[in-house]
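Novice: Just passing along the structure, written as structure tokens.
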Amino acid sequence: MSFSELGLIPEILRAVTEAGYTEPTPIQRQAIPVVLAGHDVMGGAQTGTGKTAGFTLPLLNRLARHASSSTSPARHPVRALILAPTRELAMQVYESVKMYSKHLPLRSTCIYGGVDMNPQIQELRRGIEIVVATPGRLLDHVQQKTIALGQVEFLILDEADRMLDMGFIPDIRRILALLPANRQSLLFSATFSDEIKKLADQMLKNPQLIEVARRNMVSETITHIVHPVSSGLKRNLLAHIVRHEDEANQVLVFVDTKFACSRLAHFLERHGISADAIHGDKTQQARTETLENFKSGKVRVLVATDVAARGLDIEDLPSVINFELPHTAEDYVHRIGRTGRAGKSGKAVSLVSSEERHRLADIQKLIKLEIKQEIVPGYDPEPDFFDADGSRRRRSAPASRPTDSAAAAAPAGERRKRSERPERSERPERSERPQRSRQPAHIAADGFDFSKPYEQKGDITSASGEGSGGDSPVPEKGQRPIAFLLGGLGRKH
Ligand code: AMP
């Protein structure tokens, strides 16, 4: 299928061709006709699928009738409002809007917090049809009466689940109350918890459900690998992995907290690896600079928190490293969505300590994939990593891994000292690295088959299978013995 079959006007088709797109992505094929027909949309979508063009192209198409080359601000009221949870995502969406609207006399701008309001006020005064905004700053403008929303015809709420995580839902409700009731609204979210469904009820009229990308499906072009490692050795292991990657390869590293983010970037820098951190406490200017430096290749490793990295569109990223596994399994899917895009191969590496095993189990359950585990020699996990539960200890490592078994048996205190050792050992090629002697079983205790592909359920809500509204049998923490995932049960101890 080509873009021209979707009913888009020539000005937009030209911009799409100039962007280098030859055919629409699945989300675009689904969303564009529905939005063009004027329906409200509730879309299950994540970044990396082409969802921005999926909603922006038909939006521009519908706005084109208002396009005016008049200089009068009155001819350019705000007609479309696109809300995004982070400044970075707002900027990215704005860049897309600019690119796709370049052959139309439609004006757009991006307003977000953390910067001076005055230039935004000047811009809004000129008259702007499309405003991409973060909720807080938009409300600042509303309060100062520097924006009028009385003529908004289109509302797009991007990454609604992240809005919820970031506490923006009350702001969104306030914004909804300011908009004309007669409008077309689209809501995109990667997950559909009860709160999101409630918001959708309030915001959308007879929405068409579009599952633009199965939320818990990960690209088949991504290779997943888990390195069991004790938490004290993680930093050194990270440096080791980065050093042994191809020098040209950039790496995005995820951590849980802002504090850990900066510390880890400093650690890498001290070890001769160019790195920077991106997190919410940095000024907008610093965040933009960091991102630019990473995109241009000046910085090799970008250490990020989930919130800061959300929606970052970084092309051709060969690998993503989870320094810590995310607390929610869905975030694993978001994180690794930065690699293996558009059919390219990618690598998702996770450094997993003993206390994160339940997160690993949740992730494997969600993505329905049993991730291969490989201990990097010299960087062993805590001795209890392979424990099925408190009483059951997995047999020490196979004979092919003498280092591992010795380390696994070492007391925690001794092993902690390893973290202080200089980063010396050479990492063997993957093919030479010791592998687990036995392939793990694909069928878990409850009959769950990890080898089966994801199967979509009847509707988008059930497909989400998580959150307070989900009904999928996600096990309680620790419910599934880790040894099962490793093929360890049934062995004698
Ligand atoms: P998004 O999911 O909107 O963040 O888009 C991810 C990336 O895909 C962006 O870099 C877009 O420029 C790119 N993209 C969007 N649509 C297409 C398409 N039809 N063909 C190729 N690339 C696309």
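Novice: Check ILE111: other-chain or 5+ apart residues with amide H under 5 Å from its amide H, H built from backbone geometry?
Specialist: VAL132, ALA133, THR134
Novice: What ranking, highest mean first, results for peptides 22-28, 117-123 when packing means the other Cβ atoms within 10 Å averaged over each residue?
Specialist: Working: 22-28: 17.6, 117-123: 14.0.
Peptide ranking by packing, descending: 22-28, 117-123.
Novice: Using the structure shown, list the pairs from LYS102/LYS295; LYS98/LYS295; LYS102/LYS145; LYS198/LYS282; LYS282/LYS368 with a Cα-Cα distance above 27 Å, or answer none.
Specialist: Working: LYS102/LYS295 23 Å; LYS98/LYS295 20 Å; LYS102/LYS145 29 Å; LYS198/LYS282 33 Å; LYS282/LYS368 36 Å.
As for pairs spanning more than 27 Å Cα to Cα, those are LYS102/LYS145; LYS198/LYS282; LYS282/LYS368.
Novice: For the range 222-373, state the semi-axes of the equivalent ellipsoid (square roots of 5 times the eigenvalues of the alpha-carbon gyration tensor), sorted largest first and rounded to whole angstrom.
Specialist: Working: eigenvalues 98, 57, 48 Å².
Listed largest to smallest, the semi-axes of the range 222-373 are 22, 17, 16 Å.
Novice: Where does the Debye-calculated log10 I(q)/I(0) of the range 1-150 sit at q = 0.08, 0.17, 0.21 Å⁻¹, using only Cα point scatterers of equal weight, no solvent?
Specialist: -0.22, -0.99, -1.38
Novice: Which of rounded, prolate or oblate describes the range 104-189 when judged by the alpha-carbon gyration tensor and an a/c cut-off of 1.5?
Specialist: On the way: a/c = 1.59, a/b = 1.22, b/c = 1.30.
Verdict is oblate for the range 104-189.
Novice: Here is a follow-up. Can you tell me the relative contact order of the range 3-211? Whole percent, Cα pairs under 8 Å, sequence separation 6 or more. Could you put the intermediate results ahead of the total?
Specialist: Numbers: 355 pairs, mean separation 58.6, N = 209.
Rounded, it is 28 percent for the range 3-211.
Novice: Would you order ILE375, ILE278 from fewest to most other beta-carbon atoms within 10 Å of each residue's own beta-carbon? Display every interim value, and only then the final one.
Specialist: On the way: ILE375 23, ILE278 27.
By the 10 Å Cβ count, ascending, the order reads ILE375, ILE278.
Novice: Could I have the simple spin-label model distance between ILE9 and ALA248, label points 7 Å from Cα toward Cβ, reported in nm to one decimal?
Specialist: Calculated label separation equals 4.3 nm.
Novice: Which ³J(HN,Hα) values, rounded to whole Hz and listed in residue order, are derived for the range 198-205 from phi using the Karplus coefficients 6.51, -1.76 and 1.60 in 6.51 cos²θ - 1.76 cosθ + 1.60 with θ = phi - 60°, glycine and proline given as x?
Specialist: Couplings: 5, 4, 4, 4, 6, 9, 10, 10 Hz.
Novice: Relative contact order for the range 222-373: what percent, with Cα pairs under 8 Å and sequence separation of 6 or more?
Specialist: Details: 269 pairs, mean separation 51.8, N = 152.
Once divided by the residue count of the range 222-373, the mean separation gives 34 percent.
Novice: Looking at this model, which pairs from LYS197/LYS372; LYS347/LYS372; LYS234/LYS258; LYS197/LYS347 are more than 24 angstrom apart at the alpha-carbon? Working shown, then result.
Specialist: Working: LYS197/LYS372 36 Å; LYS347/LYS372 12 Å; LYS234/LYS258 17 Å; LYS197/LYS347 33 Å.
The answer is LYS197/LYS372; LYS197/LYS347.
Novice: State the Cα centre-to-centre distance between the range 12-81 and the range 159-189 in whole Å.
Specialist: Here the answer is 19 Å between Cα centres.
Novice: Which of the trypsin sites (Lys or Arg not before Pro) found in the range 91-145 are loop residues per DSSP with 11 or fewer other Cβ atoms within 10 Å of their Cβ? List each step's numbers first, then the result.
Specialist: On the way: sites: LYS98, LYS102, ARG107, ARG125, ARG126, ARG137, LYS145; in loops: LYS102, ARG107, LYS145.
Loop-located and lightly packed - LYS145.
Novice: With r as the distance between the Cβ atoms of LYS372 and MET117 and R0 = 56 Å, compute the FRET efficiency 1/(1 + (r/R0)^6) and round to 0.05. The partial results should precede the final answer.
Specialist: Details: r = 51 Å, r/R0 = 0.90.
Result of the calculation: an efficiency of 0.65.
Novice: Order by neighbour count: PHE192, PHE294, fewest other Cβ atoms within 10 Å first, most last.
Specialist: On the way: PHE192 27, PHE294 24.
Going from sparsest to densest Cβ surroundings: PHE294, PHE192.
Novice: So how do LEU63, LEU268 line up by other beta-carbon neighbours within 10 Å, fewest first?
Specialist: Numbers: LEU63 19, LEU268 24.
Arranged by neighbour count, lowest to highest, LEU63, LEU268 become LEU63, LEU268.
Here, each number is a calculation from the coordinates, and none is a lab measurement. Everything quoted here is computed from the prediction, not taken from an experiment. Counting neighbours? That spans all protein chains shown, and the Cβs are built from the backbone with ideal geometry, glycine included.
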